[in-house]
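All remarks here apply to the structure that follows.
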Amino acid sequence: MLPFLAVLDAMPPLPAWAWLAFFGFITAMLALDLGVFQRQAHEVKMHEALRWCVVWFTLALAFNGLIWWWRGPVPAQEFLAAYLVELCLSIDNVFVFILVFSYFKVAPRWQHRVLFWGIIGAVVMRAIFILVGVSVLARFHWIIYIFGAFLVYTGIKMALPGKDEVDVNPDHNIAVRLFRRFFPVAPNNDHGHFFTFHEGRRMATPLFIVLIVIETTDLVFALDSLPAVLAITRDGFIALTSNIFAILGLRSLYFALNGIMQLFRYLKIGLALILSFIGVKMLIEHWVDISIAVSLGVIAGVLATSVLASILIPEKK
């Protein structure tokens, strides 16, 4: 109970209806997505994914406008900056999704269902990490220098050429190995279900193992994104809502970018520069105050430049 109260003490004085309205809206959108538009499992085509990308991006901008009207320009700028950073970090998630689905040979018509439940798990993890992170920073401000150094290190590591270190082999995944020790796994998927009856026993399907791999890899990305969003804002409401909006558009982003990821080969360099910038911002904030408007301009400028460079500069064969 005490850690929960500590989190509440660190939160800005927002009315309960703001939290209830936000999570009620998100729940309604998810129910509409899975219960109406995705009731019949099917392969999500690029044009459908692009429509949903536009929907989620428009909703995020509309919510940003609401924050501007309700709480002023600074929180709105913080929301937009945190949203853009998390959207950039989501590109790495997309790459992992491609690896996981390819490794397990998941049929395209079942991928949306796996990602749907994976996103719900990601939302819960981000909510816990961000709210606890806000509380910890409010009490131990010196941790901000650890976060800043971690972001600079992550940015430099991301910019260096080398092989991606993503291991999707379930035999190397501790969560999968623990699950298999206590619960049997059926040899085949059962029409996209996570659990089935096989030889008279209730078993998990390989699709559920895929979900575990997705969730555990997202746990790593959640740990990476926590310092990034807290470098932009210490407002728990802004940090959490911007993160959730970016995550909710992740499924559509995957289906839109799957197959054309090579077109954005400089995006990772741009993300490395952004992470290094906000890391330095955290390290020097005691001596140099970089406004959120400047930070937003740097983030948007680097992001736009990396995308344009990926499109305009031909790839060497």
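The values are calculated or read from the model by the stated rules, or taken from the named source; none is laboratory data. Note that the structure is predicted; figures quoted are calculated from it, not measured. FYI the Cβ positions are ideal-geometry reconstructions off the backbone, even for glycines, and counts take in every protein chain you see.
What to note about this one:
- Top-ranked residue of the range 228-251 - restricted to ones that are part of a loop (DSSP other than H, G, I, E, B) and not charged (D, E, K, R), ranked as nearest to F57 (Cα to Cα): G249
- L84 vs. criteria loosely packed, with under 14 Cβ neighbours inside 10 Å and either part of a helix (DSSP H, G or I) or modelled with pLDDT of 75 or more (or both): no
- Enumeration of residues in the range 173-213 that are among the basic types (K, R) and at pLDDT below 80: R201
- In the range 184-196, residue farthest from R109 (Cα to Cα) [restricted to those that are over 29 Å from the mean Cα position of the chain (by Cα) and surrounded by 11 or more Cβ atoms within 10 Å (Cβ to Cβ)]: P184
- Matching residues in the range 108-137 - criterion: being within 23 Å of L207 (Cβ to Cβ) and free of Cβ contacts under 8 Å to residues at least 24 places away in the same chain: V124
- Some residue of the range 163-172 being modelled with pLDDT under 75 and either in contact with a Ser or Thr (Cβ under 8 Å, 6 or more places away or on another chain) or of a type in the set (V, I, T) (or both): yes
- Residue in the range 114-124 that is more than 24 Å from L257 (Cα to Cα) and out of contact with any Ser or Thr (no Cβ under 6 Å at 6 or more places or on another chain) present: yes
- Within the range 105-119, the residues that satisfy the criterion of being surrounded by fewer than 17 Cβ atoms within 10 Å (Cβ to Cβ) and over 13 Å from F194 (Cβ atoms) are K105, A107, P108, R109.
- Residues within the range 260-287 that are modelled with pLDDT under 80 and out of contact with any helix residue (DSSP H, G or I) (no Cβ under 8 Å at 6 or more places or on another chain), tallied: 3
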